[in-house]
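Here is the structure we will look at.
The values are calculated or read from the model by the stated rules, or taken from the named source; none is laboratory data. All of these numbers come straight from a predicted model, not from anything done at the bench. Heads up, the Cβs are rebuilt from the backbone with ideal geometry, glycines too, and the neighbour counts pull from every protein chain shown.
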Amino acid sequence: MKKILITGGAGFIGSHLVRLMVNKYPNYEIVNLDTLTYAGNLENLKDIENASNYRFVKGDITNHCFVDELFKKESFDGVMHLAAESHVDRSIASPMQFIMTNIIGTVHLLNAARESWKDKIEGKCFYHISTDEVYGSLGNEGYFVEDTSYDPRSPYSASKASSDHLVRAYHHTYNLPIVISNCSNNYGSFQFPEKLIPLMINNIKQEKPLPVYGKGDNVRDWLWVEDHVKAIDVIYHNGKIGETYNIGGDNEWTNLDLVHALCDIMDEKLNKPSGSSRNLITFVEDRKGHDHRYAIDARKLKLGLGWKPSLQFDEGLDKTIDWYLQNTEWLENVTSGAYQDYYKEQYKVNV
């Protein structure tokens, strides 16, 4: 029996991880901690909310008193830390929110884990889930590896880089048992539609403009979220304490090519004239400090722990589009209010 805390478990990646852990490990007690901001939604977990080995706790990791008390009460064996502000555009507009959650919140968790495990660290693990954006921007060639120097370019990536460094520092200074993973762009079901793929799916369906930054030539490596959480599971149970593992999907696409693919698939699924959705593409002013290219070398994870992506991108994209088309109520619920106001201002288009 193990008791594992998953922070940010009502969010996109977190909800998939919670579901995997609850279903795969019935002898584990999974505690989901989330403050339920705009991107956290318990509707994401309706299918397992009554599971006997699952509990939800509402709370904010930036409140150190709350975090300390939670660790004293629960005696966790492990932490899977996903709670974070994650959208680059929002970090440019409101950097302090990212500093508080991603840096200060992480430190509160580290301090609580250190105090809770000070007498016995055997079998304990603080797993910090991070991003490839901490490495900065690549040119047209090359890949990020685990020892690539950090070069964050946005408030978001800088806040995640800081938290990565702090997690490593607690390992080296206090012998806190930790692992870290840095992943590429995730896609799949339950993703809040401020991110590119669900935003485009939703806008194509409603025949609204499809905002594309600059010329659309920025390159991202896309990882299916269910493959990501399987990698997290493998790393948590088999990864070496103190190590970092990169997780990538081996799927590099320019933003414009990806939007074109989404348009064409959606035209077919919605029985629209071929090519009609491409007319919705609207080029907008480029993002400040927009990184040119991200690409992950995940050989350490593949060769060392035996993980590999399970889906080709065309299959994963098709599954993702079908999910959003079949879950219109979920999409309508999360795209109301603040989301609409934010994007009208951000992109200067009616999204």
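From the list 84, 113, the one residue that fits, being touching a Lys or Arg at 6+ places or on another chain (Cβ under 8 Å), under 22 Å from residue 20 (Cα atoms) and crowded, with 23+ Cβ neighbours inside 10 Å, is 84. For region 260-297, the candidate set comprises residues that are among the aliphatic types (A, V, I, L, M) and within 20 Å of the chain's Cα centre (by Cα); within that set, the residue that is nearest to residue 137 (Cα to Cα) is 295. Residues that are out of contact with any strand residue (DSSP E or B) (no Cβ under 8 Å at 6 or more places or on another chain), touching a residue at least 60 places away in the same chain (Cβ under 8 Å) and either loosely packed, with under 15 Cβ neighbours inside 10 Å or of a type in the set (Lys, Arg) (or both) within region 124-146 comprise just one, 142. Annotation note: Cβ proximity below 6 Å between a residue of region 306-329 that is within 20 Å of residue 183 (Cα to Cα) and in contact (Cβ under 8 Å) with a residue 24 or more places away in the chain and a residue that is acidic (Asp, Glu) and surrounded by 11 or more Cβ atoms within 10 Å (Cβ to Cβ) (sequence gap 6+ or interchain) occurs for 309/227; 310/227.
Consider region 139-153 and keep the residues that are at pLDDT below 95 and in contact with a Lys or Arg (Cβ under 8 Å, 6 or more places away or on another chain). The one that is farthest from residue 97 (Cα to Cα) is 140. Counting only helices (runs of 4 or more DSSP H) that sit completely within region 16-113, those holding 3 or more residues that are modelled with pLDDT of 95 or more and over 22 Å from residue 132 (Cβ atoms) correspond to 64-74. Quick one: would you say residue 265 is surrounded by fewer than 23 Cβ atoms within 10 Å (Cβ to Cβ), of a type in the set (A, V, I, L, M) and at pLDDT 95 or above? Spelling it out, residue 265 is indeed surrounded by fewer than 23 Cβ atoms within 10 Å (Cβ to Cβ), of a type in the set (A, V, I, L, M) and at pLDDT 95 or above. Take residue 241 and tell me if it is part of a helix (DSSP H, G or I) and either farther than 25 Å from residue 311 by Cα or within 21 Å of the chain's Cα centre (by Cα) (or both). No. Which of the residues belonging to region 291-309 are surrounded by 15 or more Cβ atoms within 10 Å (Cβ to Cβ) and either part of a loop (DSSP other than H, G, I, E, B) or of a type in the set (A, V, I, L, M, F, W, C) (or both)? Of everything in region 291-309, those that are surrounded by 15 or more Cβ atoms within 10 Å (Cβ to Cβ) and either part of a loop (DSSP other than H, G, I, E, B) or of a type in the set (A, V, I, L, M, F, W, C) (or both) turn out to be 291, 294, 295, 296, 297, 298, 301, 305, 307, 309.
Within region 287-298, residues that are of a type outside the set (A, V, I, L, M) reach partners that are not in a loop (DSSP other than H, G, I, E, B) with beta carbons closer than 6 Å, at six or more positions or on different chains, in the pairs 287/213; 288/92; 293/219; 294/132; 294/220; 294/221.
One residue stands out in region 127-144 among those that are of a type in the set (A, V, I, L, M) and under 26 Å from residue 175 (Cβ atoms): the one that is nearest to the chain's Cα centre (by Cα), namely 129.
Looking only at residues in region 245-259 that are under 17 Å from the mean Cα position of the chain (by Cα) and part of a strand (DSSP E or B), which one is farthest from residue 195 (Cα to Cα)? Among those residues, the one meeting the criterion is 245.
Quick check on residue 276: is it touching a Cys at 6+ places or on another chain (Cβ under 9 Å) and either touching a residue at least 40 places away in the same chain (Cβ under 8 Å) or surrounded by 13 or more Cβ atoms within 10 Å (Cβ to Cβ) (or both)? It is true that residue 276 is touching a Cys at 6+ places or on another chain (Cβ under 9 Å) and either touching a residue at least 40 places away in the same chain (Cβ under 8 Å) or surrounded by 13 or more Cβ atoms within 10 Å (Cβ to Cβ) (or both).
Within region 163-221, the set of residues being touching a helix residue (DSSP H, G or I) at 6+ places or on another chain (Cβ under 9 Å) and among the β-branched types (Val, Ile, Thr) comprises 167, 178, 179, 180, 197, 201, 204, 212, 219. One residue stands out among those in region 168-212 that are of a type in the set (Val, Ile, Thr) and out of contact with any Cys (no Cβ under 8 Å at 6 or more places or on another chain): the one that is nearest to residue 80 (Cα to Cα), which is 180.
Scanning region 180-232 for residues that are in contact with a strand residue (DSSP E or B) (Cβ under 7 Å, 6 or more places away or on another chain), crowded, with 19+ Cβ neighbours inside 10 Å and assigned to a loop (DSSP other than H, G, I, E, B) yields 184, 188, 218.
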